[in-house]
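Remarks on the structure that follows.
The values are calculated or read from the model by the stated rules, or taken from the named source; none is laboratory data. Computed from a predicted model, the values in this text were never measured in an experiment. Methodologically, a virtual Cβ is constructed for each residue, glycine included, from the backbone with ideal geometry; neighbour enumeration extends over all protein chains shown. Heads up: the accessible areas ignore ligands, DNA and RNA and are worked out on the full protein's heavy atoms, side chains in. Shrake-Rupley method; radii C 1.70, N 1.55, O 1.52, S 1.80 Å.
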Amino acid sequence: MGASGQLSPELSARVGALARGLGPALFEELARASDWIADDLAARLGMVAWEREEQIGLAQRGLLALDAHRFPRSRRRPGQPVRVRELRAQPLAALELAWRALRRGRQVHVETEAEACPAVLRLFEGMQDRFESKLGEAVLHLSEPGVFDHPRSDWLRAGPWPGLERVALVQADADLELAAYLLARACLRRTGFDPRVIHRVLTVGPAGALERNLRRLWVGVKMGGVDDEQAFAGPVDERRAAAYLDAEARWRAHPGVRTVCPGARLLRPDPGVYLAPALFALEACAEAEASAASLAELPEMHGPMVVLIPVVGEGAQARAEGLLDALAPPGHGRVRFGGKVRGAQLSIDESQVHGALLVERLPPGLPEPRP
């Protein structure tokens with residue numbers, strides 16, 4: 001093993017082969033720990049039942065995909081070491097990245113944020129012991145939660161990267177019912193405190209039809225306890241509730257903002273704080289009004305709230321694209337609803353949504369689509 005942490009070609013090959021052989025064992029360990037992980041996600045992040053199942057299922061599918069994939073060794077840089085970080089707000093994301101690197105024959109160091117899921121750390125500890133017992137030396141390393149200053153901190157960071165708030169653009173050809181359901185999912189899951197939340201929605205043309213679709217979902221969404229199988233989102237703590245209610249009051253009082261659905265603290269007998277989501281709309285932005293400077297003066301957004309920003313008039317698509325650039329600079333996420341423009345290239349931070357609404361894939365707690 002080199003001083004830089006790079007493995008020899010021979011040891012790299014052994015690591016990759018061992019990781020392939022241990023893949024089923026890791027999958028089994030994850031399955032056994034799933035109840036513990038689910039309880040932790042409910043307690044720490046307020047995840048309701050459907051989202052906990054989705055999060056764990058996503059990790060399982062990722063490991064299965066790796067198990068079926070062949071990883072040819074690189075002759076130029078065999079065994080390049082990497083480090084991954086388990087993030088508190090993005091549980092289990094580090095698992096697939098670490099295992100992918102091991103399958104490629106690389107050394108891996110796993111960092112964990114303070115208050116990250118402890119069950120994930122236990123999975124890594126179990127695999128660390130297996131690698132060391134089989135190889136006679138450590139290739140999977142762990143540091144204590146919250147410790148990022150360690151001897152391997154200069155290794156290549158392989159992710160996962162913290163999720164950033166996204167901005168949506170609803171094109172003139174978008175399916176508005178599909179857009180409304182996916183916006184509700186993006187904005188209201190984890191009661192609006194998901195790291196990849198969508199708060200700002202640009203529309204090419206008037207937003208009346210989209211507003212009506214969103215209003216029906218905002219009024220009908222079910223907030224409930226973390227073990228309520230029919231709830232879409234769960235409770236929040238007092239700190240987040242206070243930030244949301246303060247932001248909601250600022251938006252209601254801001255000039256040029258129309259309140260479609262006011263936010264509020266829900267009165268419920270259940271323990272915890274439940275929030276009613278807020279929906280706002282700006283007056284239609286004509287040429288003089290649709291400026292990045294005017295949008296920059298709007299209040300900050302927290303929790304389950306969305307503002308619709310309609311861009312109308314001649315050249316609305318081009319001006320909406322300019323506003324999208326201003327609101328979501330490189331590194332921030334973008335979601336486009338509608339058909340992909342011929343010849344257009346999406347960046348790594350962009351996604352395009354176009355197609356039909358799949359009712360069978362809707363999470364519980366949202367009103368059924370209208371017939």
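Between A65 and A114, what length comes free when the chain is fully extended (0.36 nm per residue of separation minus the Cα-Cα distance, one decimal in nm)?
14.7 nm
Given points 7 Å out from each Cα along the Cα-Cβ axis, report the D129 to S153 separation in nanometres with one decimal.
Roughly 2.9 nm, to one decimal.
What size of dipole, in debye to the nearest 20, comes out for region 9-157 about its Cα centre when the only charges are +1 on Lys and Arg C-beta atoms and -1 on Asp and Glu C-beta atoms?
Approximately 1100 debye in magnitude.
Relative to the longest principal Cα axis of the chain, at what angle does helix 208-220 sit, 0 to 90 degrees, rounded to 10?
Helix 208-220 sits at roughly 70 degrees to that axis.
Among P118, L142, S153, whose Cα projects farthest towards the positive end of the dipole of region 9-157, with charges put on the beta-carbon of Lys, Arg (+1) and Asp, Glu (-1)?
It is S153, whose Cα lies furthest towards the positive end.
So how much accessible area does W50 have, in Å² to the nearest 10, using a 1.4 Å probe?
Around 30 Å² of this residue is reachable by solvent.
For the chain, give the percent of accessible area contributed by carbon and sulfur heavy atoms, probe 1.4 Å, rounded to a whole number.
In the chain, the share of accessible area belonging to carbon and sulfur is 52 percent.
For the chain, the longest stretch holding no GluC sites (Glu not before Pro) located in a DSSP loop with at most 15 other Cβ atoms within 10 Å is which?
The segment 1-114 is the longest one with no such site.
Ranking request for peptides 301-311, 14-24, 147-157: highest mean number of other beta-carbon atoms within 10 Å first, then the rest in descending order.
Per-residue Cβ counts within 10 Å, averaged per peptide and sorted highest first, yield 301-311, 14-24, 147-157.
Enumerate the amide H contacts of R104 below 5 Å, restricted to partners 5 or more residues apart or on another chain; note that Pro and chain-start residues carry no placed amide H.
It is none; the list stays empty.
Return one whole number: the accessible area per residue of the chain in Å², for a 1.4 Å probe.
Ligands and nucleic acids excluded, the figure is 48 Å² per residue.
Explain nothing, just the number: relative contact order of the chain, from Cα pairs under 8 Å at least 6 residues apart, as a whole percent.
This gives 17 percent for the chain.
For the chain, what is the mean residue ellipticity at 222 nm derived from helices alone (per DSSP H run of n ≥ 4: -39500 (n - 2.57); sum divided by total residues; nearest 500 deg cm²/dmol)?
Here the helix-only value at 222 nm equals -12500 deg cm²/dmol.
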